[in-house]
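Written below as structure tokens is the structure these notes are about.
The values are calculated or read from the model by the stated rules, or taken from the named source; none is laboratory data. Computed from a prediction, not measured in an experiment: that's the story for all the values here. Backbone-built Cβ (ideal geometry, glycine too); neighbour counts: all protein chains shown. Please note that ligands, DNA and RNA were not included when accessible areas were found on the heavy atoms of the full protein model with its side chains. Shrake-Rupley method; radii C 1.70, N 1.55, O 1.52, S 1.80 Å.
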Amino acid sequence: MFPYPEHYRVAAPPIITASMVVWSLLSRLVFGDASSFSLYPLLTLFPLVLFIHFMLIWEGKSIGRLDHAFYALIHGALAFVVWTFCIMHVNGRGFS
């Protein structure tokens with residue numbers, strides 16, 4: 001169906017990270033501060049990114065497992081920072 005399915009699998013974690021940013025920006029505009037409807041999808045997206053990275057390491061088809069592990073280490077740390085700021089943005093003044 002897709003000409004390069006492995007490339008889509010490798011690109012899935014950064015695409016999900018970018019969708020976290022888009023979701024937090026749009027949901028804050030639509031739902032306002034501290035909406036649980038905008039927070040709960042964010043809470044599931046970061047574990048999904050980690051799960052996809054672990055699946056890529058487990059399968060290791062396109063590049064080696066060590067390369068996938070290094071990719072997961074770097075992207076996991078960056079995605080955690082992005083995820084934290086997305087949660088802070090969505091909550092706004094909800095903590096105070």
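Residues of the stretch 65-96 being in contact with an Asp or Glu (Cβ under 7 Å, 6 or more places away or on another chain) and in a helix (DSSP H, G or I), which ones?
Step one: of the stretch 65-96, the residues in contact with an Asp or Glu (Cβ under 7 Å, 6 or more places away or on another chain) are 91-94.
Matches in the stretch 65-96: 91 only.
Confirm whether residue 43 is aliphatic (A, V, I, L, M) and closer than 30 Å to residue 88 by Cβ. Give the derivation first.
Values: aliphatic (A, V, I, L, M): yes; closer than 30 Å to residue 88 by Cβ: yes.
Considered against the rule, which asks whether it is aliphatic (A, V, I, L, M) and closer than 30 Å to residue 88 by Cβ, residue 43 comes out as yes.
Surrounded by 14 or more Cβ atoms within 10 Å (Cβ to Cβ) and among the charged types (D, E, K, R), is that true of residue 65? Full working, then the answer.
Details: surrounded by 14 or more Cβ atoms within 10 Å (Cβ to Cβ): no; among the charged types (D, E, K, R): yes.
In short, no.
Please list, ordered by first then second residue, the pairs with beta carbon atoms under 9 Å, 6 or more apart or interchain, first in the stretch 4-25 and closer than 14 Å to residue 63 by Cβ and part of a helix (DSSP H, G or I), second open to solvent by 40 Å² or more (accessible area, probe 1.4 Å) and small (Gly, Ala, Ser).
Once the first residue is closer than 14 Å to residue 63 by Cβ and part of a helix (DSSP H, G or I) and sits in the stretch 4-25, its partners that are open to solvent by 40 Å² or more (accessible area, probe 1.4 Å) and small (Gly, Ala, Ser) give 6/62; 7/62; 9/62; 10/62.
For residue 34, all conditions in the list (1) surrounded by fewer than 17 Cβ atoms within 10 Å (Cβ to Cβ); (2) in a helix (DSSP H, G or I); (3) of a type outside the set (Phe, Trp, Tyr) hold save one; what is the number of the exception?
Just one mismatch for residue 34, condition (2).
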